[in-house]
Amino acid sequence: MDISAPLVAGLLVALLAIFTVIRAVRIVPQARARNVERLGRYHKTLTPGLNLVIPYIDRVHPQIDLREQVVSFKPQPVITEDNLVVEIDTVLYFQVTDPRAAFYEIASFLQAVEQLTVTTLRNVVGSMDLEKTLTSRDTINSQLRGVLDEATGKWGLRVNRVEIKAIDPPQSIKEAMQKQMRAERDKRAAILGAEGQRQSQILTAEGDKQAAVLRAEGNRTAAILEAEGQSRAIDEVFQAIHRNDPDPKLLAYQYLQALPQLAQGQGNNFWVIPSEITTALQGVSKAFSESLPPSPATRAKPAADDEAAAKAADDTAEAAQAAAEAVADAAEADRRPRGL
C-alpha cells in the first residue's frame, strides 16, 4: 500500500504535466485565426502555425476562417415602387479581415450581414418600379455593395461582391410578361417578314429593270447591225449596178419581172397596174425586136443558130408586145368609170 500511493501520485503528476503541455501548445491551420483571452480580457490573436499559451490562464476561442466565404440568403419579399411584391434571392461574397473585430464587435456577423442585406435591398428596390428592378441588377448590386462594405468595415469584414441570383415577380405579372414578350416576338417576326418581302420585291424589280435594259440594248444593237447590213447590201448592189453600167432596156426587163409579186397573197383579189408598166413593156418589146450588136459569141455561131435565135427573139418580142397590150387594156379599163 505504501508503494502504490507514491506511484499513483507520480502517475497523476505525469498526466497533469502532459495535459498542461497539450493545453500550452496550439497549432492553427493556414488561413485561420484564433483569439486568446487572458484572465477574461483579449490578449492576442494566434496566427497560422505553432503557438504557445499559458494553460489555465489563457482562453483560446474557436478558430475563425479568413478565406473568402459565400453565403446565399433565402428569397426575401420586397415591395417595389409600383406596389408589387417580388421575391429577391441574393448571394454575398465576403472575407474576414480582422478576427478580433469580427469576434468582439458583433455577436454574429453572418446574421448581421443577412439582415443588413435585406434592409438595404428593400430600400434600394423600394425606389424602383418592377421594370426597372428587372433591368437594373448591376445598379442594385453596386448600391448593395457600397452600403454593406461601409457598414461591415467596423466588424472586420470586407464585402467583395453582392449578386442578385433571382427576382421572382407574382404569377399574374409573369403571365402578363409572357404575353407581352410573345406579342413583341410576333411583332418582330411580322416586321422581319415585311422587310424580307420588301427587299425581295426591290431585288425582283431591279432584276426586271436590268433585264429590260439588257433586252433594249440587245434589240438596239441588233437593229443597228441589221440596218448596217441592209445599208451595206444596198451599197453593194448600187455599186455593182453602176460598175456594170446597165441601160434602160435591162431596167425595163427587171421591172417586168417584178409584176407577178404585185398579185401575191391570199387576199389580193383586186390590184392596180401602174401606168409606167406600159412604157416598160414597150421598152422590152423594142429591146427584143432590135438586133443585137455583134459580139464574138454571136459571130462564132453558125447560121442555123442565128436563125433559131432570131426566131426565138421574134417570139419573145411578140409575147412581150401581147403582154404589153393586155396590160395597157387592163389599165385603160381600170381608168374607165364603173357605170359605163
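Structure data summary
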read-out	value
Heavy-atom surface of region 89-149, accessible at 1.4 Å and reported per residue (Å²)	49
Rounded Å value of the spacing that divides the Cα centres of region 168-242 and region 78-97	57
Residue-by-residue Karplus 3J(HN,Hα) for region 218-229, coefficients 6.51, -1.76, 1.60, Hz, glycine and proline x	x, 5, 5, 4, 5, 5, 4, 5, 5, 5, 5, x
Solvent accessible area, Å² - ARG220, 1.4 Å probe, full protein context	140
Sequence of ARG145, ARG243 when ordered by accessible area, the most exposed leading, probe 1.4 angstrom	ARG243, ARG145
Order of exposure, largest accessible area first, which applies to ARG67, ARG34 with probe 1.4 Å	ARG67, ARG34
Under 22 Å, Cα to Cα: Lys pairs in region 70-216, sequence gap 8 or more or different chains	8
Surface share of carbon and sulfur [accessible, 1.4 angstrom probe, percent] for region 12-91	62
Coordinate range along principal axes, alpha carbons of region 42-195, Å, largest first	84, 32, 23
Solvent-accessible surface (1.4 angstrom probe) belonging to HIS43, in square angstrom, nearest 10	80
Within the accessible area of region 142-204 (1.4 Å probe), percent carbon and sulfur	52
Accessible area in the full protein assembly, largest first, 1.4 Å probe, for GLU150, GLU114, GLU105	GLU150, GLU105, GLU114
Under 5 Å, built H, 5+ apart or other chain: amide partners of ARG32	LEU66
Area of PHE19 that stays accessible when all protein chains are in place (1.4 Å probe, Å², to 10)	100
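The values are calculated or read from the model by the stated rules, or taken from the named source; none is laboratory data. Since the structure is predicted, the reported quantities are computational estimates derived from the model, not experimental observations. Ligands, DNA and RNA are stripped out before the accessible areas are found, and what is left, the full protein with its side chains, is counted by its heavy atoms. Shrake-Rupley method; radii C 1.70, N 1.55, O 1.52, S 1.80 Å.
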